[in-house]
Amino acid sequence: MNVKNKSECSAAVSCNKWVNHKYNFDNLGQAPMALFVLSSKDGWVNIMYTGLDAVGVDQQQSENYNEWRLLYFISFLLLVAFFVLNMFVGVVVENFHCCREKQEKVQRAVKRAHKLEKKRKKMWELPYYTNYSKPRLFTHNIITSKYVDLAIAAVIGLSVVTMAMEFYMMPMELIYTLKIFNFTAVFILEAVMKIVALGVKRYLKDKWNQLNVLIVILSIVGICLEEMESKINPTIIRVMRVMRITRVFKLLKMTSGIRALLDGIRALLDMVMQALPQVGNLGLLFFLLFFIFAALGVELFGRLECNDDFPCQGLGEHAHFHNFGMAFLTLFRIATGDNWNGVTKDTVRDNCDMSSDCLTNCCVTPLVAPLYFVIFVLMAQFVLENVVVAVLMKHSEESHKQMDQDIEQKLDAEVKEAQELKLEKILEQVAHKMFRTMK
């Protein structure tokens, strides 16, 4: 049927209904919502092509009626989605940095003074291995050698290769060969020698050594479970085999030559570890936001129906607000930008009951639903996610500053020590000359 406008649609068949697109530019209220969806880059292509096909008021669409409108949508995306929103992110990050700077200024001064005091004390302390016996000192010299680190790195590389050779339905010969080249004994020997050389307390102070102990324990438990294969759940054995891949993390602590290649990864890991407390606080804030909006979503959209009579574009079996758990999961999908405009369309449907005593297919006023989703998307996608980025950036900047300060302090200490040694030599020479003069 060739229908060109609204009046022809109504006149053709009495049951016909003229339906407009949910996101449109019909008035000043609808246009900002359509532009907000465009700026979020979720479903913006559909809105753009709908705009290209628009002919006029109450006129049927025509494919690519005005292709020059493409410039409007592309310009808006470039200006807002890629420029203005990034400026917004920059403002959020900058304000976060300013707040943190005021809070941490005093704390940094105290920490710096504490570190300097510890370094001064260490300068006058004798090395911890001064009173070691000859066998223990020999063990210490071996295990702290860079060549041992290189050998352990080679063993880890071979271990990774043997793990990569495993496959389903392996022949028995290969199974026995891989059991022989398990290399767990090497890691146990390394841990034992380090404990003998450093002592248990000093050994466990280092986080990398704690990781070594964990890897050794996991390896031993994995071997024991494989030997008891008939009595243990196979899933547990598979998990323990996968846990052997943690040996790769030992590569992050290598000798100075190899460490240069991995400094970026180690710095990144250190930064993440330092930022974890603040990220944890932000995680609680995320949870609180999701909790509030999930409870509100169940109350507002919990009785919306999706079936043949009421088709949905975003809501469905795996995304709805019928209970708190699914509402929470649906909001998480929306926070990732997955079809949130489709969910919004379903909540502003026309053929639903807005009465207070409604039991099925209930909805709220057309203003409440868009406001609900716009506020949530702004908070979850544009604010809180960028605050997490701001936290990581802040700790990255602080870690670089701390490294520079440590280098400067080390140089100052070396210069001061050299000056003191020079002064001692001058005093000795003066004293020697005075002694010779007196003679």
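The values are calculated or read from the model by the stated rules, or taken from the named source; none is laboratory data. Note that the coordinates shown come from a computational prediction; the quantities given were computed from them, not determined experimentally. Backbone-built Cβ (ideal geometry, glycine too); neighbour counts: all protein chains shown. With ligands, DNA and RNA removed, areas are computed over all heavy atoms of the protein, side chains included. Shrake-Rupley method; radii C 1.70, N 1.55, O 1.52, S 1.80 Å.
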Exposure of ASP206 as accessible area (Å², to 10), given a probe of 1.4 Å and all protein chains:
50 Å²
Show TRP18, TRP340 ordered by accessible area, largest first, where the area counts protein heavy atoms only and the probe is 1.4 Å.
TRP18, TRP340
What is the sum of charges around SER62, taking Lys and Arg as +1, Asp and Glu as -1, for the other residues whose C-beta is under 13 Å from the C-beta of SER62?
-1
Ranking request for peptides 130-138, 308-316: highest mean number of other beta-carbon atoms within 10 Å first, then the rest in descending order.
308-316, 130-138
Hey, which of these cross-link pairs are over 26 Å Cα-Cα: LYS146/LYS201; LYS207/LYS394; LYS146/LYS207; LYS41/LYS345; LYS179/LYS205?
LYS179/LYS205
In whole Å, what is the distance between the alpha-carbon centres of the stretch 320-394 and the stretch 51-78?
28 Å
LEU178, LEU285, reordered so the largest accessible area comes first (probe 1.4 Å)
LEU285, LEU178
Where does each of SER7, SER355 land when they are ordered by accessible area, with a 1.4 Å probe and the largest first?
SER7, SER355
Heavy-atom accessible area of ILE180, protein chains in place, probe 1.4 angstrom, given in Å² to nearest 10, is 130 Å²
First select every other residue whose beta carbon is under 12 angstrom from the beta carbon of ALA197; then total the charges, Lys and Arg +1, Asp and Glu -1.
+2
Measure of exposure for GLU317: accessible area at 1.4 Å probe, Å² rounded to 10, is 150 Å²
Of the accessible area of the stretch 28-78, with the probe set at 1.4 angstrom, what percent is carbon plus sulfur?
59 percent
For the stretch 298-379, what is the accessible area per residue in Å² when the probe is 1.4 Å?
52 Å²
For ASN5, list long-range residues whose amide hydrogen, built 1.01 Å from N in the peptide plane, is under 5 Å from its own amide hydrogen.
GLN60
Can you give me the distance in nm between label points at TRP18 and MET393, each placed 7 Å from the Cα along the Cα-to-Cβ direction?
4.9 nm
Simple SL model, points at 7 angstrom along Cα→Cβ for MET87 and LEU296; separation in nm is 2.8 nm
